[in-house]
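The values are calculated or read from the model by the stated rules, or taken from the named source; none is laboratory data. Since the model is a prediction, treat every value here as computed from it, not as a measurement. Cβ: placed from backbone, ideal geometry, glycine included. Neighbour counts: every protein chain shown.
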2 protein chains.
Amino acid sequence: MSLYLNLAELLGERIEQGLYRPGDRLPSVRALSTEHGVSLSTVQQAYRHLEDQGLATPRPKSGYFVPAARQMPALPQVARMAQRPVEVSQWDQVLELISLPPSRAGVIQLGRGRPDIDSPTLKPLLRSLSRISRRQDVSSLTYGCIYGHQGMREQIARLMLDSGCALSYEDIVITTGCHEALSAAIRAICQPGDIVAVDSPSFHGVMQALKGFGMQALELPTDPLTGISLEALELALEQWPIKAIQLTPTCNNPQGYIMPEANKRALLALAQRYDVAIIEDDVYGELAYSYPRPRTIKSYDEDGRVLLCSSFSKTLAPGLRIGWIAPGRYLDRVLHMKYMGTGSTAQAPQLAITEYLEAGHYEPHLRRMRAQYQRGRDLMIDWVSRYFPAGTRVSRPQGSFMLWLELEAGFDSQRLNRELQAHAIQIAPGSIFSAAGKYRNCLRLNYASQPSAEIEAAVRQVGLCAAQLSDADKS
Amino acid sequence: MSLYLNLAELLGERIEQGLYRPGDRLPSVRALSTEHGVSLSTVQQAYRHLEDQGLATPRPKSGYFVPAARQMPALPQVARMAQRPVEVSQWDQVLELISLPPSRAGVIQLGRGRPDIDSPTLKPLLRSLSRISRRQDVSSLTYGCIYGHQGMREQIARLMLDSGCALSYEDIVITTGCHEALSAAIRAICQPGDIVAVDSPSFHGVMQALKGFGMQALELPTDPLTGISLEALELALEQWPIKAIQLTPTCNNPQGYIMPEANKRALLALAQRYDVAIIEDDVYGELAYSYPRPRTIKSYDEDGRVLLCSSFSKTLAPGLRIGWIAPGRYLDRVLHMKYMGTGSTAQAPQLAITEYLEAGHYEPHLRRMRAQYQRGRDLMIDWVSRYFPAGTRVSRPQGSFMLWLELEAGFDSQRLNRELQAHAIQIAPGSIFSAAGKYRNCLRLNYASQPSAEIEAAVRQVGLCAAQLSDADKS
């Protein structure tokens, strides 16, 4: 790990442990430089990283402080190890979440994994889409090459350099969203009955894919700051014939953590030792608040066992349905699964995104969204602290735009969701993020939209309903 | 069957049997009216139907004649009954066909199932697409409802009235092309190892889906004029634990026949008796040359066992990737499979197609394309008669835009395809239309494009290469 990250981690731990308390002045840059024998710029880099994580605030001419107003709620707890792999259920609850039309009048959807699509930095993309759609030519209207548009694959290979991956366009297959990438990856590696180890809580789309293909999920204890437990994974690999590990290590959905680089490398080493594949969901990776973006597990992969899945659904717009997969040694199988599922991928959005990337619009857009989502996180945590029952635990997202909440044991977030229907508000109940329906006392909130009084009122309403349900249970 | 179809069939048989020979004058409308005790307009309808099928030509003030110049080549032969269900192979050949980029400079692609996308009747669709793509609103950029856009589903329900189906929009799920509809249908009904009865030759996309999901295909003898053999199907149903029948009964791919209505009903009755599902691919149904379009098997379905799969890929443009499925009693399972595969379907093309349908642009477009493809068929059969080795057998497409050719036994169409690379021409080798790699001596040609000297030269080149390969084999 680089020097500044080491230092930032050390300071971060001290803050989390309460050595420095809210409002305290943090050591000066000069003092830390002397104490740790590193350059001034390294210390400054460390502080900027802590700032990105919301753990330090600069004050002009006074140095860095522990954010004063922030009384951070406690973190969610780590779930116990699953007793055995299970078949996935909860389809009815997922269906409830995804069957609402996108613009159902008046419903505030805090439940779905939607990015903000109102940014002016998306305008050049819309102009390209419009121009390409008007054109009556073969390249946008007919079947594309099954691998996807070459120009787009070249641009993705370039993007992925930032995550430490040196790929050629030939290593990449374009898919109908990350959903198809994950689905093709799972089918390329596993047969019905096979066991897949997953982080927990975990993306409901993958849970449902495992269910649909007849595979079993083994949910591993997952730390809300560092991700999947390597000890638990090793135990599981010894005990069960696991075929693949599926996880979202960077800006995890739903918890938002970034697995430390050392853990990513250690996880890969385990996968090598036990010869299992890794299906790495990186769909939020470019929305990490810190810059440069964190490395992928794929970037350490030497024998092609990592299948990296991603898309532009979270960074640009979900409606485009453009994702990709870098499937390593499983390229042939994945390509076959992709062909079986949908044939080739729609051409026009590929051409438009390629233009957008080539013209250099993507980086400024990402910068803007990262900053917006980071502010959104701080505000959402603040709202939850104020409006939810005392003792509500929350995650510490390091990227993306979703917050994971844990209420007291016995709380029923599905019942909460039903109560909220009367208020035209939707949340994502925790149980859909577990194969076995755990996390009934948890829920996920989306903070992608520009903050507004309306959203704050909705969050307050969710908190109010949650408190009422809690009180009703006690009386 | 209606009176005029009865009469047309009778006359058609007499022509096919040689009772009336090329150039002969056919009986007058008045004479037939008297002979068969039907109205003059019924006879005229019968003649128009024969005209649609290329079996009669009107001459002003002289009545109807058997087309003079047309010395129709013989029909392809019916393959024998498969000995047993087999696992599907040929993925490498399919991959060769589909991995070519859409506009690879100079390559004349006679192999793929592409419609003509140059028609001016598509312009309103492109304008809608362009306008919608420019709009930065939730409905086109974010995740749609998992079932698809309601307005589009309502329009499809209306369209399907023409095929005899009385469906509500709630019976329809929008998919990423017909490919996803078929894939979801197969997975909704079958488990790995299950047997699916198929027409033969059959669409390679379905063959590959069966392969990928680990199912077995039982290829049934299929008549080039009337489709799947009902006797063979009944035998197979008695002998094997068949889970589903998958077929393209209307404007079959690759043979172009339309299964007679009586056969469609009889097939459904068999499926009911043996309690198996029917996966009906209707993707070419609206491109039948005769009007009104033929009924679907689904239109006779009373207990929801038919899963009707279709799309706008052949009628509008493949690059839109918009299809649909009316899955009957399997709706819940299909929806789950669709969610697992790709999540929701892209919104913008759904909104644009809905506008196009609502504004009444679709019917005139279909009329134009049907007429163009019918002319294309006559020309392509003529070219094949002239440029291919004597004895080449050809299908009699009654819709769509593809011709199936059978050369002498032992001919190798894959080798032909390789030879044609030097001439920048691609055909679809017959073996990809069979689970077991049958039909090596067959090939499929596309006649969707407006006829041109370039295409005629390409067909001549294919014929020439075919003749050379045949001669080389003999010497």
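One table, with the values for the structure above:
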item: Residues of the range B:299-318 classified as outside any helix (DSSP H, G or I), touching a Ser or Thr at 6+ places or on another chain (Cβ under 8 Å) and more than 17 Å from residue B:244 (Cα to Cα), total; result: 3
item: Flag for residue B:140 being under 30 Å from residue A:340 (Cα atoms), surrounded by 18 or more Cβ atoms within 10 Å (Cβ to Cβ) and small (Gly, Ala, Ser); result: yes
item: In the range B:417-460, the residues that are farther than 30 Å from residue B:211 by Cα and touching a strand residue (DSSP E or B) at 6+ places or on another chain (Cβ under 6 Å); result: B:458
item: Residue ID - modelled with the highest pLDDT, chosen from residues in the range A:285-317 that are farther than 19 Å from residue A:185 by Cβ and within 11 Å of chain B (Cβ to nearest Cβ); result: A:316
item: Test: residue B:375 is surrounded by fewer than 21 Cβ atoms within 10 Å (Cβ to Cβ), at pLDDT 95 or above and not assigned by TED's automatic domain parsing to the domain that holds residue B:273; result: no
item: Among residues of the range A:240-287, those that are among the β-branched types (Val, Ile, Thr) and in a strand (DSSP E or B), counted; result: 6
item: Test: residue in the range A:142-163 that is farther than 30 Å from residue A:77 by Cα, assigned by TED's automatic domain parsing to the domain that holds residue A:280, in contact with a helix residue (DSSP H, G or I) (Cβ under 6 Å, 6 or more places away or on another chain) and among the hydroxyl-bearing types (Ser, Thr, Tyr); result: yes
item: Odd one out for residue B:332, checked against (1) within 30 Å of residue B:391 (Cα to Cα); (2) out of contact with any Ser or Thr (no Cβ under 9 Å at 6 or more places or on another chain); result: (1)
item: Unmet requirement for residue B:164, which otherwise passes all of (1) closer than 23 Å to residue B:352 by Cβ; (2) within 24 Å of the chain's Cα centre (by Cα); (3) modelled with pLDDT of 95 or more; result: (1)
item: Residue B:43 part of a loop (DSSP other than H, G, I, E, B), at pLDDT 90 or above and surrounded by 17 or more Cβ atoms within 10 Å (Cβ to Cβ); result: no
item: Residue that is farthest from the chain's Cα centre (by Cα) [pool: residues in the range B:168-221 that are crowded, with 24+ Cβ neighbours inside 10 Å, assigned to a helix (DSSP H, G or I) and away from chain A (no Cβ under 11 Å)]; result: B:189
item: The one condition in (1) at pLDDT 95 or above; (2) assigned to a loop (DSSP other than H, G, I, E, B) that residue A:404 fails to fulfil; result: (2)
item: Candidate set: the range A:331-360, residues that are more than 14 Å from every other protein chain (Cβ to nearest Cβ) and in contact (Cβ under 8 Å) with a residue 60 or more places away in the chain; chosen: the one nearest to residue B:342 (Cα to Cα); result: A:357
item: Sole residue being hydrophobic (A, V, I, L, M, F, W, C) and under 26 Å from residue B:95 (Cβ atoms), chosen from B:394, B:459; result: B:459
item: Residues satisfying the stated conditions in the range A:297-319, i.e. under 13 Å from the mean Cα position of the chain (by Cα) and within 18 Å of residue A:255 (Cβ to Cβ); result: A:314
item: Qualifying residue in the range B:151-167 (condition: within 7 Å of chain A (Cβ to nearest Cβ), of a type in the set (D, E, K, R) and either in a helix (DSSP H, G or I) or surrounded by fewer than 23 Cβ atoms within 10 Å (Cβ to Cβ) (or both)); result: no
item: Condition met for residue A:112 (without any contact (Cβ under 8 Å) to a residue 40 or more places away in the chain and surrounded by fewer than 22 Cβ atoms within 10 Å (Cβ to Cβ)); result: no
item: Unique residue being farther than 30 Å from residue B:309 by Cα, within 21 Å of the chain's Cα centre (by Cα), not assigned by TED's automatic domain parsing to the domain that holds residue A:209 and not in a strand (DSSP E or B) when the list is A:418, A:368; result: A:368
item: When residues of the range A:48-95 are limited to those that are at pLDDT 85 or above and of a type in the set (Phe, Trp, Tyr), the one surrounded by the fewest Cβ atoms within 10 Å (Cβ to Cβ); result: A:65
